[in-house]
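What follows is a set of notes on a single structure, which appears directly below.
Nothing in this text is a laboratory measurement; each read-out follows from the coordinates by a stated rule. Note that the structure is predicted; figures quoted are calculated from it, not measured. Don't worry about glycine lacking a Cβ; one is built from the backbone with ideal geometry, like all the others, and counts go over all protein chains shown.
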Amino acid sequence: MMPLAALAPDSGLVGLLYIVAFSLFIIGIRFGTHPTTARRGNGIAAVGMAVAVITTLLLQGIGNWGLIFAGILIGSVIGVVASKRVQMTAMPQMVALYNGLGGGAIALIAWSEYRHWVHQGGELDKLQQVSDFIGGPQISAAVPLEVMIPSLFAMVVGSVSFWGSNVAFGKLQELIPSQPMKVPGQQVINALLLIGIVVGGVILSINNEYLDLSQPLFIAMLVAAAFLGTMVVLPIGGADMPVVISLLNAFTGLSAAAAGIALDNTALIVGGTLVGSSGTILTLEMATAMNRSVANILFAGFGSPATAGAGSQEERPHRSMTAQDAAIQLAYADSVVVVPGYGLAVAQAQHAVREMADELEKKGVSVSYAIHPVAGRMPGHMNVLLAEADVPYEQLKEMDEINPELPQTDVCVVIGANDVTNPAAKTDESSPIFGMPIIEVDEAQQVLVLKRSMSPGFAGIDNDLFYHPKTAMVFGDAKQTVSDIVSELGEL
């Protein structure tokens with residue numbers, strides 16, 4: 001009987017275990033499409049990953065067990081601690097960081113595989129000398145193209161994803177300015193870097209028998225890809241970082257699939273393809289939700305601090321009211337729609353909002369929640385946030401479902417949502433967000449905006465909703481303001 005710790009890579013058992021692993025990946029993704037089953041789907045996918053990792057570790061030829069288990073232990077501890085400590089407001093940054101680590105790991109794997117072939121080629125060169133001495137046959141020391149091409153692709157795309165994701169993390173974490181950062185001749189530099197990488201790849205593919213000279217060129221391509229990933233993301237504004245992260249996530253998946261081809265690893269091929277395809281679909285969906293193309297997001301530099309709208313904030317009149325006035329208006333409404341945004345996440349006001357909804361429902365008021373596809377900093381951000389407060393999923397309504405109901409809605413309560421409620425998207429052709437689908441809260445009978453100040457949102461664009469005749473601003477920390485409204489509702 002074959003010992004368990006020495007499975008042949010081409011054995012039927014390995015193939016079966018890999019099929020089980022990526023089947024669990026697919027089931028996990030399927031469960032992740034609904035908030036009520038998302039946690040279960042995450043667990044199923046994690047089991048699939050465990051099966052894939054354990055199967056790979058049991059293959060013949062796996063060594064350096066001490067180094068492997070040290071890496072697993074250190075990575076597990078860091079991952080668990082970081083995931084437990086991260087706030088929901090910082091989840092996009094963590095996604096960017098984790099995605100970048102995946103891309104960086106793939107780039108290093110590709111480099112390691114290439115070094116393996118270089119070392120093997122050196123050994124074959126020595127055998128060739130012996131063969132020549134005895135008049136033997138020619139021995140090829142070339143790296144096979146079926147290994148060379150996917151290794152180069154994995155290295156380049158993984159490196160671009162790693163460094164681009166680091167820049168995205170820095171912008172969201174405000175370690176570097178979130179505004180577009182452009183360098184003179186930016187597009188020319190990017191084009192030269194890309195051309196250099198392609199030329200280097202062609203040279204290595206054609207002349208891959210010169211193994212002693214190929215490794216420096218491989219490293220040069222790795223460095224060029226790092227510069228390219230950084231230079232591509234720096235000019236993109238912070239408001240577009242969620243889309244960029246999704247796109248880079250797709251890149252990481254594609255690089256993983258390419259590495260799987262080079263390593264002849266089925267699980268890596270399928271897993272990478274799943275990540276690449278789902279990341280691509282998500283990127284396109286987010287771009288559609290903003291009525292923009294991916295090319296516009298990557299090259300338009302949207303997200304500058306320039307404001308849009310008729311005049312500055314100080315010149316435009318607006319109306320404000322207290323939490324007590326807001327509570328009275330809500331208590332006498334028949335229907336209320338809450339529109340959550342990033343400000344709600346920052347204030348951690350989701351539990352207070354649930355309490356407010358409970359008080360209103362006791363008074364016979366119908367309460368629902370309007371969710372924009374790109375509200376917050378990542379898709380599903382608001383869904384997860386409200387799920388933390390046990391808000392019934394049936395009360396969450398997507399933009400296309402809620403918009404037709406808003407003209408019959410008595411009061412809309414906007415909490416931290418800014419750009420996704422801006423009427424300029426419908427009326428101001430000069431606005432950068434013109435044409436973007438929004439939650440049409442200006443169609444409701446009355447609007448309450450809970451916000452600290454009149455400052456623009458993450459896109460740096462002044463919100464015309466603040467100055468609408470139907471709108472009343474309730475200034476202050478969202479959590480405290482909602483708690484005050486709850487207290488007032490309890491006394492009415």
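Some observations on this one:
- Neighbour-count order for H468, H372, fewest beta carbons within 10 angstrom listed first: H468, H372
- Within the chain, longest stretch clear of exposed GluC sites (Glu not before Pro) (DSSP loop, no more than 11 other Cβ within 10 Å): 1-173
- Cα gyration tensor category, rounded, prolate or oblate, for the chain with a/c compared to 1.5: prolate
- Net length available on complete extension from S277 to A295 is 4.7 nm, with 0.36 nm assigned per residue and the Cα-Cα distance removed.
- Simple spin-label estimate for V86 and V47 in nanometres, 7 Å along Cα-Cβ: 2.4
- Contour minus Cα-Cα distance for T288 and L16 (0.36 nm per residue): 94.0 nm
- Taking every DSSP beta bridge that has both ends in the chain, the antiparallel portion is near 5%.
- Note on I72/S430: beta-carbon distance plugged into 1/(1 + (r/R0)^6) with R0 of 56 Å gives a FRET efficiency of 0.55.
- The count of lysine pairs in the chain with alpha-carbon distances below 30 Å, taking only pairs 8 or more places apart or on different chains, stands at 26.
- One chain, two ends: V188 and T37. Fully extended at 0.36 nm per residue, the span grows by 49.7 nm beyond their Cα-Cα distance.
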